[in-house]
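Heads up, the thing below is written out as C-alpha cells.
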Amino acid sequence: MKAVTIKTSFTMRMRGLSFGCMILSVFALAAPLFAASPARADFRVCNGTQNLVGVAIGYRAKEGWVTEGWWQVPATTCATLIEGELQSRYYYLYAEDAARGGRWTGDVQMCVAENEFKITGVQDCFARGFQRMGFKEYDTGRQGSWMVQLSDTPGSTQESN
C-alpha cells in the first residue's frame, strides 16, 4: 500500500512538474510580447492632407550632401524616410502634393530628379541633369528621432521629436 501511495505521489508530482514547466514555457515565450519595446529612432513624415504627397529628403553624409526621393505618402499616413538613429543634426525636406500641385519648400537649394533618386552633391544640379528645389531645414538638435507633420496648407508643417 505504501508503494502505491509513493508511486501515486511521484506520478502526481511529475504531472504537476510537467504542467508547471508547460506554464513557465508559455510565459517565457509570451514575455517578449508584453515587454516594453524600445522606442524606434527614425526620421518620419506624416501626411495630414487628403492627397498623396511625394517627399524628398536631404542630409549630410560621409560622402557629402545627399538627397533622396521620392517617398509616396498617401493621405493621413506616415512614412519612415530614414530608419534608425539619426546621424546628423540638420535634415532638409521638400514635398509636393500630387493632386493639387502644392509644395512644402524652404530656402536650401538641393538637387532632385523626376523619378526615384539618390544624388550626392548639391552643386550644378542642372548641368548634371537634375532639377533644383528649395528644401526646408529641420534642426533636430541631435535628437535620435524626428517627425514632420505636413498639413493641408502647403508650406506649413509641424515638427516634433
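Every number in this text was worked out from the coordinates using simple rules, so none of it is lab data. All values reported here derive from a predicted model rather than from experimental measurement. Note that each Cβ is placed from the backbone with ideal geometry, even for glycine, and that neighbours are counted across all protein chains shown.
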Taking placed amide H atoms and a strict 5 Å upper bound, the residues 5 or more places from Thr105 or on another chain that come that close are Gly155
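Given all pairs of different Cα atoms, what value in angstroms does the Kirkwood hydrodynamic radius of segment 44-161 take?
Value: 14.2 Å, from the Cα pair sum.
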List Arg89, Arg44 from most exposed to least, where exposure is judged by having the fewest other Cβ atoms within 10 Å. Arg89, Arg44
Here, Ala79 and Phe126, labelled 7 Å along Cα→Cβ, have an inter-label distance in nm of 2.8 nm
Using a cut-off of 12 Å between beta-carbons, work out the net charge of the residues near Ala61 (Lys and Arg +1, Asp and Glu -1, Ala61 not included). +1
Applied in sequence order to segment 84-89, the curve 6.51 cos²θ - 1.76 cosθ + 1.60 (Karplus, θ = phi - 60°) yields integer Hz couplings, x standing for Gly and Pro, of x, 4, 6, 9, 10, 7
Starting at the first residue of segment 93-102, write each ³J(HN,Hα) from the Karplus equation 6.51 cos²θ - 1.76 cosθ + 1.60 with θ = phi - 60°, in whole Hz, x for Gly and Pro. 10, 9, 9, 10, 7, 5, 8, 9, x, x
